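Report on one structure; see the data block that follows.
The values are calculated or read from the model by the stated rules, or taken from the named source; none is laboratory data. Because the structure is predicted, anything quoted here is derived from the model rather than measured. Quick reminder, even Gly has a Cβ in these numbers, built from the backbone with ideal geometry, and neighbours come from all protein chains shown. Surface accessibility is based on the protein's heavy atoms, side chains included, excluding ligands, DNA and RNA. Shrake-Rupley method; radii C 1.70, N 1.55, O 1.52, S 1.80 Å.
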Amino acid sequence: TNPGFVVRITQAGLDYAHQQGIAVLEKELAQLKLPDISGDFRIRHVGRVDYEISRLDLRSFHLPYSRISLVPNVGLQVSISNAFAEVDGNWRVKMYFIRDHGSFDLKVENVYIKISLQLGSDSSGKPTVGTSDCSTRISEVRVHFWGKFGWLYNLFYGAVEPRFRKLLEREVCERVVQSVRSDLQPYLQTLPVTARIDAMAGIDYSLVAPPAATAKYLDVELKGEFFSLAHRSTVPFSPLALAFPSDHDRMVYFGASSYFFNTAGFAYHAAGVLVFEITDSMIPKDVGFRLNTSTFSAFVPQLEGMYPDMLMKLRLSAPSAPFLSIGPEGLLLQPVVDIQAYAILPNSSLAPLFLLSLKGNVSAVIDVKSGRIVGSLKVGRYGGGVVQGALLPALSAPQVRMLQSMMNAFASTFLLPRLNARLDEGFPLPLPDRTQLSNILLRFHQ
């Protein structure tokens, strides 16, 4: 299925992540535990020499030069060059009656490491990463032995150096694979593929396809769908193909389609929370009108005779989920609001008075704060509504317009602040742990 949400990580973003990863890998390699080395070699006209290298201590491992590259249709490649390490240890040799032991310092220079990372996704829609290939090449090994028999050490080094080089090359790649498995993979798994928003709804951020690498960026396609926690139902519309803009200057881009926002309206409507009630007690005392039949008799004269001086209740609801569109000018929607008016009878029961359906023009302002999408609504004038009710067939056009104006005031004064308070809480972006955004720029596209 097409994504409702796309994340694009550019080369600049990968470079930044790579800096953090290399720092971790450098610490991991410095903790390598090298096994003892033992064996023997023969000296012509002399005989066999037995040796043992023990207590190998890798004092440091430095990765001064490295880069990360995108491999189209495959994944990522990390290349490390001119790395170097320092090793201390003990040695022991035995040849006939000659026995000696001591310590040594060893420097490994011009180490080249190449790591290929394969990206994918698991059954839950979380990203995965694995090491598809690793190779290490050591160009130079320099060692200084401390002991009495210098001529023997030179022969000893010639026998030991190839084994030590092969051992270190193997151990480095094993530690790289382990670091990817124990550090990088668990970190990617912190991406929240299901984000609970509140008591009513959540967001599905699961991957709809494995991450796709191109020559300039890495695209991650997510479902980007709100859902009701009480009852998850199939969304009655499908995401359109999302043509992501070709920008690739910043570290990361988030692309949210109209599908993403429209599933929010669908989820909250399905959860039954797009219903608001207004009573007279909610109206400030300093406002020049009260919510009662005396006030509304100016628009509906019949009220004064049938329900004299009774309090009223207004029930505002959306008959259908609001549907918005995105264009260069921003987010626009034209929701329909049903306003059902009731008279509150002396026994507290409700008598329906009239139903007014209004269609409004609403624009949305979107921002990102602390990793959350926040917003606010600005409502234009509601109009073009339909008035229904047994009391209303005799209303004139001016009376209908006055009634609509009154309802506009109620919708703007009571409904809008409640919606904006919820939008100000925001909805989380799909971010792994310990990730913060800065220098945020928001743009709208068709």
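Worth pointing out:
- Selected residue [touching a residue at least 40 places away in the same chain (Cβ under 8 Å) and either of a type in the set (A, V, I, L, M, F, W, C) or buried (at least 17 other Cβ atoms within 10 Å of the Cβ) (or both)] from VAL300, VAL336, VAL287, VAL365: VAL300
- Hey, ASP183 under 19 Å from the mean Cα position of the chain (by Cα), among the charged types (D, E, K, R), within 18 Å of PRO3 (Cβ to Cβ) and modelled with pLDDT of 90 or more or not: no
To keep it simple, each residue is scored yes or no on (1) over 30 Å from ARG250 (Cα atoms); (2) among the hydroxyl-bearing types (Ser, Thr, Tyr); (3) not in a helix (DSSP H, G or I).
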{"site": "SER405", "(1), (2), (3)": "yes, yes, no"}
{"site": "ASN408", "(1), (2), (3)": "yes, no, no"}
{"site": "PRO417", "(1), (2), (3)": "yes, no, no"}
{"site": "ALA421", "(1), (2), (3)": "yes, no, no"}
{"site": "SER438", "(1), (2), (3)": "no, yes, yes"}
{"site": "LEU441", "(1), (2), (3)": "no, no, yes"}
{"site": "PHE444", "(1), (2), (3)": "no, no, yes"}
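- From the list THR194, THR234, the one residue that fits, being under 25 Å from SER320 (Cβ atoms), free of Cβ contacts under 8 Å to residues at least 60 places away in the same chain and not aliphatic (A, V, I, L, M), is THR234.
- Answer residue from the range 246-257, given it is under 18 Å from the mean Cα position of the chain (by Cα) and of a type in the set (Ser, Thr, Tyr) and is most open to solvent (accessible area, probe 1.4 Å) among those: TYR253
- Residue in the range 341-364 that is modelled with pLDDT under 85, hydroxyl-bearing (Ser, Thr, Tyr) and part of a strand (DSSP E or B) present: yes
- Among the criteria (1) over 46 Å from the mean Cα position of the chain (by Cα); (2) within 26 Å of LYS359 (Cα to Cα); (3) surrounded by 14 or more Cβ atoms within 10 Å (Cβ to Cβ), the one LYS313 does not fulfil is (1).
- Neighbours by Cβ (under 6 Å, 6+ apart or cross-chain): first from the range 174-187, in contact (Cβ under 8 Å) with a residue 40 or more places away in the chain; second among the β-branched types (Val, Ile, Thr): VAL176/ILE115; VAL177/THR131; VAL180/THR131; ASP183/VAL24; LEU184/VAL129; GLN185/VAL129
- Residue tally, condition buried (at least 20 other Cβ atoms within 10 Å of the Cβ) and without any contact (Cβ under 8 Å) to a residue 60 or more places away in the chain, over the range 264-284: 3
- Subset tally (residues that are in contact with a Lys or Arg (Cβ under 6 Å, 6 or more places away or on another chain) and over 15 Å from PRO432 (Cα atoms)) for the range 187-214: 2
- Test set (1) buried (at least 16 other Cβ atoms within 10 Å of the Cβ); (2) among the charged types (D, E, K, R); (3) under 17 Å from TYR157 (Cβ atoms) - ASP105 fails condition number: (1)
- Checklist (1) in contact (Cβ under 8 Å) with a residue 40 or more places away in the chain; (2) open to solvent by 20 Å² or more (accessible area, probe 1.4 Å); (3) farther than 23 Å from ARG181 by Cβ; (4) in a strand (DSSP E or B) applied to GLN77, failing item: (3)
- Listed by first and then second residue, the pairs with beta-carbon distance under 6 Å, at least 6 apart or on different chains, first residue in the range 418-441 and at positive phi, second outside any loop (DSSP other than H, G, I, E, B), are GLY426/ARG372; GLY426/ILE373; GLY426/VAL374.
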